[in-house]
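Report on the structure given below.
The values are calculated or read from the model by the stated rules, or taken from the named source; none is laboratory data. Bear in mind that the values here come from a model prediction, so they are computed numbers and not experimental data. Neighbour counts are summed over all protein chains in view; Cβ atoms, including those assigned to glycine, are modelled from backbone coordinates with ideal geometry. Side chains are part of the model used for accessible areas, which takes the heavy atoms of the whole protein and leaves out ligands, DNA and RNA. Shrake-Rupley method; radii C 1.70, N 1.55, O 1.52, S 1.80 Å.
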There are 2 protein chains.
Amino acid sequence: MSGIADVARLAGVSKSTASRALTGGGYVSDDTRRRVSDAASALGYVPSTSAVSLATGRTRTIALIVPKVNRWYFGAIVEGVEQTLIPRGYDVTLYVAEPGSNDRESLYSTYLARKRFDGIIAVALEPDDADLERLANIGKPVVSIGNALSGVPTLGLDNVAITRIITQHLIALGHTDIAFVGSTPPTDAPAKDVDERSIGYRKAMNDHGLAVRIRSVPSTLTITDAYAAAASFLADAGSRPTGVVAACDEVAIGVIIAARRMGISVPTELSVVGIDGHDYAEMFSLTTVEQYPLDQGVEATRLLLSMIEGTDEPARRTEAVTRLVVRASTAPPRSA
Amino acid sequence: MSGIADVARLAGVSKSTASRALTGGGYVSDDTRRRVSDAASALGYVPSTSAVSLATGRTRTIALIVPKVNRWYFGAIVEGVEQTLIPRGYDVTLYVAEPGSNDRESLYSTYLARKRFDGIIAVALEPDDADLERLANIGKPVVSIGNALSGVPTLGLDNVAITRIITQHLIALGHTDIAFVGSTPPTDAPAKDVDERSIGYRKAMNDHGLAVRIRSVPSTLTITDAYAAAASFLADAGSRPTGVVAACDEVAIGVIIAARRMGISVPTELSVVGIDGHDYAEMFSLTTVEQYPLDQGVEATRLLLSMIEGTDEPARRTEAVTRLVVRASTAPPRSA
């Protein structure tokens with residue numbers, strides 16, 4: 001098996017230069033780094049990372065914390081982080097735990113306390129004040145996606161503004177009887193996002209002197225839970241709204257599937273708008289405000305790397321990109 | 001900041017015993033381990049894992065390799081692995097790369113070569129002979145989910161038998177004109193699974209002297225791609241089958257959504273069966289063979305831990321649990 005001495009010899013540099021080139025522990029020219037790297041590849045040499053880690057204090061590992069993986073939004077973020085870190089030779093340690101679960105406690109006491117990473121990407125994290133202090137005490141750079149954390153650069157949506165815009169879209173079409181379909185916390189979705197979205201809806205309705213109607217999706221904001229809730233609140237034609245502002249696309253899609261099964265025509269009898277730009281939005285002709293969680297994962301990772309490597313002074317809050325896409329799930333109400 | 005000496009003093013043991021208890025590097029009684037662990041928690045002491053790793057050769061990290069995260073099957077496996085490892089204090093480094101991608105190459109040359117883990121869980125991995133040799137040379141325990149790898153314990157389905165059973169379910173209802181809706185490799189789904197499933201379908205059709213009809217879903221076996229394919233192959237009433245065996249539930253659901261939009265009644269005009277037990281199966285009243293990827297993630301992780309800790313001689317192939325669930329997407333054909 002080849003050692004660092006063999007790599008140094010093949011690259012024509014000293015052992016200490018070869019070591020610096022492979023571990024990132026000090027200045028080496030790009031040309032030398034490439035020669036050493038090629039020599040290491042040719043010989044199949046990979047440095048022991050435990051030793052590298054002790055020597056440099058760097059782990060070349062990023063901690064990624066998400067409440068769920070098996071949801072479109074969270075899965076897309078994870079893929080964006082992976083796509084950015086793999087080509088740079090970083091490892092990603094993934095920690096999946098929902099707020100309120102047992103595993104959520106060991107997040108701070110074990111996983112984060114071990115500090116086996118150079119920085120943290122926290123998705124939809126809802127730390128209390130004690131948690132925030134523990135997070136700060138770790139002394140590693142943190143970037144947040146979704147929820148704004150005090151003192152931490154955050155990539156997120158202006159949920160109030162976005163929900164106001166899609167509610168106004170229905171009002172502009174002539175709807176006056178518009179329900180917000182969301183949930184009451186706690187859910188496994190980012191509760192703060194949902195709360196902000198219901199505020200945006202309320203504001204738009206209040207601006208136009210229209211009555212606020214909230215329809216709750218029990219438990220989680222998934223397609224299946226929204227479908228079950230819609231099957232119930234759409235049943236009575238007398239109390240049925242003509243427009244639905246869904247807290248997210250998965251809720252909107254659940255409502256559309258329920259409506260179709262019940263013979264309620266979308267958009268003739270019921271207009272539905274969502275927020276997300278979910279993979280299934282086009283298939284259901286859903287009018288929505290798109291966001292791009294995969295790109296958010298990429299952006300957050302780049303920001304974190306610049307903080308780790310000290311190359312940039314990052315902004316404190318970055319507005320994620322969004323775009324209103326009008327499709328065929330919205331139309332004027334029949335009475336208009 | 002507290003050191004190992006403080007922990008040892010509080011627990012009433014020697015420094016070397018405290019060190020063994022915290023790192024797993026040698027025998028310590030359960031009672032002592034608990035006392036040391038409690039003392040460490042009380043003092044907020046967490047051992048430096050780089051030092052532990054050099055001392056013990058253990059990283060308390062598991063490598064998890066998946067082609068995608070943002071699909072029901074893969075996402076559920078990741079969650080099962082996480083749920084099993086977090087309470088045991090292990091980290092999970094996640095590596096997401098599709099077969100054929102650039103990142104797939106650095107899987108072997110960088111990620112696996114660094115050996116920053118005690119064992120590997122490989123999901124739907126399709127190594128060639130050279131890859132398999134590299135995998136074996138790493139010298140760490142490996143468990144496979146999905147595809148059977150030579151010399152590696154595998155947790156998977158008997159895809160041929162399962163697809164035969166669901167095809168026979170349609171034949172028993174009186175269908176003779178049954179199409180298999182799947183894909184031709186390469187796709188991002190486990191190609192071997194799909195191939196095995198098409199073989200199971202062919203066998204059942206051949207057993208009954210019925211004509212084999214394959215409908216390809218271009219690109220990936222997702223709901224959206226299957227929806228697009230079905231919108232095309234269901235259009236001509238003359239060539240339309242009365243039964244569809246879908247390669248997986250996502251394909252089946254795409255077919256059902258397309259059929260509903262085209263006014264084709266399921267099951268009166270079209271019976272559809274799937275394989276998976278997807279979260280959406282019940283919402284679409286889908287007859288399917290359920291599998292339980294979250295449980296598979298849990299089982300594979302337990303098996304890997306027993307190999308790492310040397311407590312068990314694992315079986316070479318473990319059949320994953322499945323169950324046929326008959327719902328309302330299947331009925332006798334109208335002509336029967």
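Does A:Pro127 satisfy the criteria of being more than 14 Å from every other protein chain (Cβ to nearest Cβ) and open to solvent by less than 10 Å² (accessible area, probe 1.4 Å)?
When the stated conditions are applied, A:Pro127 does not pass them.
Taking A:Ser144 as the residue in question, decide whether it is part of a strand (DSSP E or B) and outside the structural domain of A:Val255 (by the TED database).
For A:Ser144, the condition - part of a strand (DSSP E or B) and outside the structural domain of A:Val255 (by the TED database) - is met.
Which strands (runs of 3 or more DSSP E) sit wholly inside segment B:197-284 and have at least 1 residues that are open to solvent by 50 Å² or more (accessible area, probe 1.4 Å), out of contact with any Asp or Glu (no Cβ under 9 Å at 6 or more places or on another chain) and not aliphatic (A, V, I, L, M)?
Here the list reads B:213-216.
Please work out which one of (1) at pLDDT 95 or above; (2) more than 12 Å from every other protein chain (Cβ to nearest Cβ); (3) out of contact with any strand residue (DSSP E or B) (no Cβ under 9 Å at 6 or more places or on another chain) is the condition B:Ala258 fails and give its number.
B:Ala258 satisfies all of (1) at pLDDT 95 or above; (2) more than 12 Å from every other protein chain (Cβ to nearest Cβ); (3) out of contact with any strand residue (DSSP E or B) (no Cβ under 9 Å at 6 or more places or on another chain) except (2).
Is it true that B:Ser329 is of a type in the set (Ser, Thr, Tyr) and modelled with pLDDT of 95 or more?
Spelling it out, B:Ser329 is indeed of a type in the set (Ser, Thr, Tyr) and modelled with pLDDT of 95 or more.
Would a scan of segment A:205-212 turn up a residue that is away from chain B (no Cβ under 13 Å), within 19 Å of A:Val326 (Cα to Cα) and over 23 Å from the mean Cα position of the chain (by Cα)? Give the steps one after another, and end with the answer.
So the first thing to find is which residues in segment A:205-212 are away from chain B (no Cβ under 13 Å), and the list is A:205-212.
From what's left, within 19 Å of A:Val326 (Cα to Cα): none.
No: zero hits.
Might you let me know whether segment A:292-313 holds any residue that is surrounded by 24 or more Cβ atoms within 10 Å (Cβ to Cβ) and in a loop (DSSP other than H, G, I, E, B)?
The answer is no, given that none of the residues of segment A:292-313 is surrounded by 24 or more Cβ atoms within 10 Å (Cβ to Cβ) and in a loop (DSSP other than H, G, I, E, B).
List the number of the failed condition for B:Ile178; all other conditions in (1) more than 9 Å from every other protein chain (Cβ to nearest Cβ); (2) over 16 Å from the mean Cα position of the chain (by Cα); (3) open to solvent by 30 Å² or more (accessible area, probe 1.4 Å) hold.
All conditions pass for B:Ile178, except number (3).
Just to be sure I understand the filter: pairs with C-beta atoms under 8 Å, separated by 6 or more residues or on different chains, first member in segment A:107-121 and farther than 20 Å from B:Leu43 by Cβ, second member hydrophobic (A, V, I, L, M, F, W, C) and in a loop (DSSP other than H, G, I, E, B). Which pairs pass?
That search, which allows pairs on different chains as well, returns A:Ile120/A:Ile138.
What residue, among those in segment A:14-36 that are at pLDDT below 80, among the polar types (S, T, N, Q) and surrounded by 17 or more Cβ atoms within 10 Å (Cβ to Cβ), is nearest to the chain's Cα centre (by Cα)?
Per the stated criteria, the residue is A:Thr23.
Would you pick out the residues in segment B:284-306 that are among the hydrophobic types (A, V, I, L, M, F, W, C) and either farther than 14 Å from B:Arg323 by Cα or modelled with pLDDT under 95 (or both)?
Residues satisfying the conditions are B:Phe284, B:Leu294, B:Val298, B:Ala300, B:Leu303, B:Leu304, B:Leu305.
Can you name every residue in segment A:105-116 that is under 20 Å from B:Val81 (Cβ atoms) and more than 9 Å from chain B (Cβ to nearest Cβ)?
A:Glu105, A:Leu112
Taking segment A:62-81 as the region of interest, how many residues are free of Cβ contacts under 8 Å to residues at least 24 places away in the same chain and either among the acidic types (Asp, Glu) or more than 19 Å from A:Ala320 (Cα to Cα) (or both)?
Looking only at that region, the number is 1.
Quickly run through segment A:196-233 and pick out the residues that are touching a Phe, Trp or Tyr at 6+ places or on another chain (Cβ under 8 Å) and β-branched (Val, Ile, Thr).
A:Val212, A:Ile214, A:Ile223, A:Thr224
Residue check: is B:Asp158 modelled with pLDDT of 90 or more, surrounded by fewer than 20 Cβ atoms within 10 Å (Cβ to Cβ), under 16 Å from the mean Cα position of the chain (by Cα) and of a type outside the set (Phe, Trp, Tyr)?
Against the criterion (modelled with pLDDT of 90 or more, surrounded by fewer than 20 Cβ atoms within 10 Å (Cβ to Cβ), under 16 Å from the mean Cα position of the chain (by Cα) and of a type outside the set (Phe, Trp, Tyr)), B:Asp158 qualifies.
What's the number of the condition A:Glu79 fails, among (1) at the interface with chain B (Cβ under 7 Å from one of its Cβ atoms); (2) buried (at least 22 other Cβ atoms within 10 Å of the Cβ); (3) under 14 Å from the mean Cα position of the chain (by Cα)?
(2)
For A:Ala42, work out the one condition from (1) more than 9 Å from every other protein chain (Cβ to nearest Cβ); (2) at pLDDT below 70 it doesn't fulfil.
So the condition that A:Ala42 fails would be (2).
Listed residues A:Asn70, A:Asn102; which is surrounded by fewer than 22 Cβ atoms within 10 Å (Cβ to Cβ) and facing chain B (nearest Cβ under 9 Å)?
Exactly one residue qualifies, and that residue is A:Asn102.
What single numbered condition from (1) in contact (Cβ under 8 Å) with a residue 40 or more places away in the chain; (2) closer than 17 Å to A:Ile257 by Cβ fails to hold for B:Leu294?
Failed condition: (2).
Any chance segment B:145-164 includes a residue that's closer than 30 Å to A:Ile120 by Cβ and among the hydrophobic types (A, V, I, L, M, F, W, C)?
yes
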